[in-house]
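As structure tokens, the structure follows; a few thoughts come after it.
The values are calculated or read from the model by the stated rules, or taken from the named source; none is laboratory data. The shown structure was predicted, so the numbers you read here are calculated from the model rather than taken from an experiment. Here the Cβ is made from the backbone with ideal geometry for all residues, glycine too, and neighbour counts use every protein chain on show.
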Amino acid sequence: MRQISIIGIGTGNPEHVTIQAINVMNAADIVFIPTKGVEKDGLAEVRRDICRRYVTNAATRLVEFAIPKRATAGKTYVESVDDWHAAIAGSYVKLIEGLPEGGKGAFLVWGDPSLYDSTLRIIERARQAGAPEFELSVIPGITSIQALAASHRIPVNLVGKPVEITTARRLLADNDRAESTIVMLDGEQAFSKIDDPDAEIFWGAYLGTEDEIILAGRLGDISEEIVRTRAEARARHGWIMDIYLLRKGRDFDDL
Ligand SMILES: C[S@@+](CC[C@H](N)C(=O)[O-])C[C@H]1O[C@@H](n2cnc3c(N)ncnc32)[C@H](O)[C@@H]1O
């Protein structure tokens, strides 16, 4: 039976890659590298760099494959994601078919596969769609949440309090949020649209890479600076990935 490993590679610093991940890459016949078009080539380049540094087994081949773009015209959000996943699952079926019987394939996933990443869902979809039989294993990686917390030198939770992980879309739609809320996938600077000037924000972009930028402060004081910094960085690089923690309250403030 074929074996597929889904490997978390961290968020841009090649030193995030674990020894377990390196061992699994070197045991693979093929390491699959997803590409997402010219504007996101920086992300594929991080993956190539990781392979150049750590894949020492001459028998391991690197195979790049293009992730199709998500078509949104005339579709609800759910429909467009569903169709997109189906298209990617179709690509996975072909990649798995390209492995020899008993062969090992590894997919490199940004951060950790458990966090706002659909590789595990889509690989199961590829199985349903008739991919050759395979065993699946997952190698954990450092998430953007850990990278954010490390760069700001903070814990993500207040003592004994919950942490919510959400998207910009939800931040704007939901009225309540936890004392510590981590916001991902924010293309609309949702932090600048909420009315909570006394909240603290810990923001980070390109975390783990040499282009990393971090800013922190009272939302009412720093929101505009983050919007400006983000726009400039996005224009310079052609793409951006950012994440932030919104915090209300202090340790022990309810005792
Ligand atoms: C599709 S999710 C993937 C998350 C990833 N699986 C992880 O473990 O962090 C992409 C979002 O993760 C966050 N992200 C990932 N890498 C990042 C980085 N290097 N710097 C800042 N944010 C990052 C951003 O919020 C981005 O919109």
- Message: I'd like the full set of residues that are touching a residue at least 24 places away in the same chain (Cβ under 8 Å), within 13 Å of the ligand (Cβ to nearest atom) and part of a loop (DSSP other than H, G, I, E, B), limited to segment 112-136.
- Response: Asp112, Pro113, Ser114, Leu115, Tyr116, Ser118
- Message: Filter segment 13-46 down to the residues that are of a type outside the set (A, V, I, L, M, F, W, C) and at pLDDT 90 or above and list them by number.
- Response: Asn13, Pro14, Glu15, His16, Thr18, Gln20, Asn23, Asn26, Asp29
- Qualifying positions in segment 1-58 - more than 23 Å from Glu210 (Cβ to Cβ), loosely packed, with under 15 Cβ neighbours inside 10 Å and touching a strand residue (DSSP E or B) at 6+ places or on another chain (Cβ under 8 Å): Met1, Gln20, Ala27
